[in-house]
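Only one structure is covered here, and it is reproduced in the block below.
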Ligand SMILES: Cc1ncc(COP(=O)(O)O)c(C=O)c1O
């Protein structure tokens with residue numbers, strides 16, 4: 001058996017070669033590279049895909065988060081609640097918007113924001129300011145403005161309770177949907193399946209190449225049902241311009257390139273099928289791995305329909321297993337090995353080992369196995385075989 005790569009972007013692009021080349025030629029002859037009809041077409045299609053009223057293309061997922069926070073009304077000095085088990089961009093966007101990231105721990109089974117921990121933080125560490133109606137930190141006396149749940153690994157956070165808590169405490173909700181293009185959530189409140197990116201005040205998507213919907217470089221989008229947030233993001237991404245050389249605010253250079261929008265429009269037509277293929281791969285892993293002792297499979301609650309951006313298992317001998325799989329030519333990943341609160345970059349926030357025990361435990365036990373739409377049965381069997389070989393040896397030793 002050849003090696004099993006963690007991700008196979010070549011197979012995906014081979015399938016689309018002609019369609020993408022045709023789009024390149026159309027883009028070159030249009031000579032509209034920043035903004036223009038290709039960007040607008042993608043924005044319309046992506047908004048429809050997310051069941052959201054607006055999509056605004058930007059330069060990356062980080063831009064999308066930062067611009068969404070600013071356009072929704074997060075101000076310098078505000079507190080924004082999020083999780084420590086995520087890519088650093090989630091917290092960077094908060095601090096780059098001038099706000100202060102404050103973490104709450106994650107749920108041990110889904111690895112996403114725990115609604116219970118969110119409530120606990122708000123009840124224990126905050127008070128209600130009756131003058132302006134905001135929730136305020138007891139320690140810093142700064143106002144809490146927003147919560148950013150992260151839809152991790154392709155699966156949404158448990159949004160019903162998070163939305164209810166946000167409403168109770170007067171917080172904006174910005175979904176970090178950078179890993180969840182097409183993921184669905186069953187709202188017990190409305191008794192319907194809803195799309196990631198359609199629930200909060202605004203949502204951020206990344207189209208980094210390895211995502212379920214990936215550009216050929218950097219790209220991102222904000223989705224929202226709020227016309228004001230959508231037009232705010234349009235201004236922020238374009239140097240704060242409301243028309244040429246008329247700058248309402250100081251903004252950013254954070255536009256989506258036309259050529260990336262064109263690639264994304266082509267790929268978006270295939271996304272539903274690719275997501276279904278990922279779900280089939282996950283079901284096959286379930287069959288192949290569930291009998292092996294010493295490995296815990298991803299948990300998909302009844303309210304979630306994951307698009308398996310990543311297939312993340314838990315095991316106690318994670319590091320040695322990862323080395324063993326590497327020696328067998330099987331690519332794996334760690335999402336994420338160092339929680340954000342323990343990163344040097346956030347030492348200023350004053351957290352320490354033990355601040356978020358669930359996240360810390362996960363960081364030592366999680367292992368992402370190969371996952372992409374073109375993973376073959378043989379490749380998955382090879383992964384399962386090596387897993388079994390390794391874990392049987394470990395289990396015999398104990
Ligand atoms: C959860 C999460 N948030 C934010 C981002 C940032 O997206 P980008 O790399 O496009 O800036 C990523 C991308 O890896 C992500 O996985």
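The values are calculated or read from the model by the stated rules, or taken from the named source; none is laboratory data. On a predicted model such as this, the values are computed, not experimentally measured, just so you know. Every residue, glycine among them, receives a Cβ derived from its backbone with ideal geometry; neighbour counts consider all protein chains shown.
Residues of the stretch 188-227 that are in contact with a helix residue (DSSP H, G or I) (Cβ under 6 Å, 6 or more places away or on another chain), free of Cβ contacts under 8 Å to residues at least 60 places away in the same chain and within 30 Å of residue 128 (Cα to Cα): 189, 199. Scan the stretch 36-81 for residues that are within 19 Å of residue 238 (Cβ to Cβ), in contact with a strand residue (DSSP E or B) (Cβ under 6 Å, 6 or more places away or on another chain) and more than 16 Å from the ligand (Cβ to nearest atom) and jot them down. The answer is 39, 43, 47, 54, 72. When residue 100 is tested against (1) closer than 21 Å to residue 127 by Cβ; (2) away from the ligand (no atom under 16 Å from the Cβ); (3) crowded, with 22+ Cβ neighbours inside 10 Å, exactly one condition is not met: (3).
Pick out, from the stretch 194-253, the strands (runs of 3 or more DSSP E) lying fully within it that include 1 or more residues that are at pLDDT below 95. Full working, then the answer.
On the way: elements: 202-206, 220-224, 241-243.
In the stretch 194-253, the matching strands (runs of 3 or more DSSP E) lie at 241-243.
The number of residues in the stretch 134-154 that are under 20 Å from residue 88 (Cβ atoms) and more than 11 Å from the ligand (Cβ to nearest atom) comes to 2.
Could you tell me which residue of the stretch 139-175 is nearest to the chain's Cα centre (by Cα), considering only residues that are surrounded by fewer than 17 Cβ atoms within 10 Å (Cβ to Cβ) and at positive phi? Per the criteria, the residue is 170. Each residue in the stretch 274-318 was checked for being in contact (Cβ under 8 Å) with a residue 24 or more places away in the chain and in a helix (DSSP H, G or I), and 12 of them qualify.
Quick one: would you say residue 290 is within 16 Å of the ligand (Cβ to nearest atom) and under 25 Å from residue 158 (Cβ atoms)? Spell out how you get there, then give the answer.
Details: within 16 Å of the ligand (Cβ to nearest atom): no; under 25 Å from residue 158 (Cβ atoms): yes.
Taking the combined requirement at face value, the residue does not satisfy it.
In the stretch 122-138, of all residues being out of contact with any strand residue (DSSP E or B) (no Cβ under 7 Å at 6 or more places or on another chain) and at pLDDT 95 or above, the one that is surrounded by the fewest Cβ atoms within 10 Å (Cβ to Cβ) corresponds to 124. Are any residues in the stretch 302-336 exposed (fewer than 15 other Cβ atoms within 10 Å of the Cβ) and within 24 Å of the chain's Cα centre (by Cα), and if so, which ones? 302, the sole residue that qualifies.
Collect the residues in the stretch 107-120 that are buried (at least 20 other Cβ atoms within 10 Å of the Cβ) and more than 24 Å from residue 60 (Cβ to Cβ), keeping them in residue-number order. Scanning the stretch 107-120 gives 107, 110, 114, 115, 118.
For residue 341, indicate whether it is in contact with a strand residue (DSSP E or B) (Cβ under 7 Å, 6 or more places away or on another chain) and under 25 Å from residue 102 (Cβ atoms).
So residue 341 fits the description; yes.
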